[in-house]
Amino acid sequence: MKIAFLYAGQGSQYVGMGQELYDDHAVVRERVDQASDILGYDVKDILFHDEDKLNDTRYTQPLMFVLYAAITDLLRLNGIESTHTCGLSLGEYGALYDAGCITFEQGLHLLEQRGAHMAAASDHVKGAMTAILGGDAQMLEQLVANAPGYVTIANYNTYGQLVISGEQTAVNYVAESALEQGAKRAIPLNTSGPFHSALMNEAALAFAGDLERTAFQAANKHLLVNVTGDYLAGDLATILTEQITHSVRFYQMIERLLEDGVYTFVEIGPKRVLGGFIKKINRTVTILNVEDRASLETTRTTIGG
């Protein structure tokens, strides 16, 4: 059976995420305790009690990765492994762990650095992000090309749901024009910066050095990446640097998986955001998730192992 593991991005976190799995499974507790030793702060306390820190990108990024890795390890212990893997933005690092490209410790250090660089860059630029619902991608790309100022499509989430990012005036222009041309809604996002746009170039340049010093391993399964929406090809450090300033092509990755006969998807981590995106692309596939006791049992029963 072909199975794709999917890892959601920043914004899906919530206080208490993973707590049932932590209570029930030693491997999850071991990962949380190991992360506390590596990062030098109480990961368990932030995950389960500290909303302010959990929503600070400096903590969100490494702590989401803790959950990605812990659940991936838990599934392996239950005989459930992916044949294909990908993530959305931050979630791409869960896929890198799943594919054996990085160790747990490498992932924590990379995301600690990535979070710090993105937070610092956000302090130095003014920008905005807005979700456009019910709009056509081609129409939105045309509006972006003609906007007065810098704006880009940051996320191709699913059909009829894209995110734009850039200078506030340009973002407003595209959002208003999209509504005039038939989009249903334009929702400003509460983000700390204009992510996945050229305005984050400072973060990308800073992170490039961290990535160049990282010894990546070759992927041991089919790994898709955000910047192309296709399978990994080329230098991973370059691709991860570009990811900070380039569009996330999530629905293109799902289209590629469907083309290759992948019809079972397991979303790993909090909430079921990615599963909702996939349903708009293809409603006939099997979509599972693992974030708590009940969802783990459903996945075990459905897939076996």
Q: Determine the pairs where a residue that is closer than 15 Å to residue 63 by Cα, located within the stretch 8-33, has a partner that is basic (Lys, Arg) and surrounded by 15 or more Cβ atoms within 10 Å (Cβ to Cβ) with Cβ atoms under 8 Å apart, the partner being 6 or more residues away or on another chain.
A: 8/271; 12/271; 14/271; 22/29; 22/44; 32/44; 33/44
(Q) If the requirement is being open to solvent by less than 50 Å² (accessible area, probe 1.4 Å) and touching a His at 6+ places or on another chain (Cβ under 7 Å), which of these qualifies: 60, 72, 83? (A) 83
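Against the definition (part of a strand (DSSP E or B) and closer than 21 Å to residue 65 by Cα), how does residue 274 come out, yes or no? Full working, then the answer.
Numbers: part of a strand (DSSP E or B): no; closer than 21 Å to residue 65 by Cα: yes.
For residue 274, the condition - part of a strand (DSSP E or B) and closer than 21 Å to residue 65 by Cα - is not met.
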Q. How about the stretch 243-261: which of its residues are touching a helix residue (DSSP H, G or I) at 6+ places or on another chain (Cβ under 9 Å) and either surrounded by fewer than 19 Cβ atoms within 10 Å (Cβ to Cβ) or of a type in the set (A, V, I, L, M, F, W, C) (or both)?
A. 244, 248, 250, 254, 255, 258
**Q.** Hey, residue 72 farther than 28 Å from residue 304 by Cα, touching a helix residue (DSSP H, G or I) at 6+ places or on another chain (Cβ under 8 Å) and polar (S, T, N, Q) or not
**A.** no
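For the stretch 160-168, indicate whether the set of residues that are over 30 Å from residue 282 (Cβ atoms) and crowded, with 22+ Cβ neighbours inside 10 Å is non-empty.
If we filter the stretch 160-168 for residues that are over 30 Å from residue 282 (Cβ atoms), which is where we start, we get 166-168.
With crowded, with 22+ Cβ neighbours inside 10 Å added as a condition, the list becomes 166.
Yes, there is a match, as at least one residue in the stretch 160-168 is over 30 Å from residue 282 (Cβ atoms) and crowded, with 22+ Cβ neighbours inside 10 Å.
Which of the following residues is part of a loop (DSSP other than H, G, I, E, B), free of Cβ contacts under 8 Å to residues at least 24 places away in the same chain and within 26 Å of residue 282 (Cβ to Cβ): 233, 219? Talk me through it step by step, then tell me what you get.
Working: 219 fails: free of Cβ contacts under 8 Å to residues at least 24 places away in the same chain.
Going through 233, 219 in turn, just one is part of a loop (DSSP other than H, G, I, E, B), free of Cβ contacts under 8 Å to residues at least 24 places away in the same chain and within 26 Å of residue 282 (Cβ to Cβ): 233.
Each row is one residue, and each column tells you yes or no for (1) among the aromatic types (Phe, Trp, Tyr); (2) under 27 Å from residue 232 (Cα atoms); (3) touching a strand residue (DSSP E or B) at 6+ places or on another chain (Cβ under 9 Å).
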{"position": "105", "(1), (2), (3)": "no, yes, no"}
{"position": "110", "(1), (2), (3)": "no, yes, no"}
{"position": "114", "(1), (2), (3)": "no, yes, no"}
{"position": "120", "(1), (2), (3)": "no, no, no"}
{"position": "123", "(1), (2), (3)": "no, no, no"}
{"position": "130", "(1), (2), (3)": "no, no, yes"}
{"position": "135", "(1), (2), (3)": "no, no, yes"}
{"position": "141", "(1), (2), (3)": "no, yes, yes"}
{"position": "146", "(1), (2), (3)": "no, no, no"}
Q.
Yes or no: the stretch 236-258 includes at least one residue that is modelled with pLDDT under 95, within 14 Å of the chain's Cα centre (by Cα) and either in a loop (DSSP other than H, G, I, E, B) or within 25 Å of residue 285 (Cα to Cα) (or both).
A. no
Q: Working carefully through the options 189, 240, 211, 205, find the one that is buried (at least 22 other Cβ atoms within 10 Å of the Cβ) and not aromatic (Phe, Trp, Tyr).
A: 240
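The values are calculated or read from the model by the stated rules, or taken from the named source; none is laboratory data. This is a predicted model, so every value here is computed, not measured. Note that we place each Cβ from the backbone using ideal geometry, even for glycine, and neighbour counts take in every protein chain shown. The protein model used for the area step is the full one, side chains on, heavy atoms only, and it has no ligands, DNA or RNA in it. Shrake-Rupley method; radii C 1.70, N 1.55, O 1.52, S 1.80 Å.
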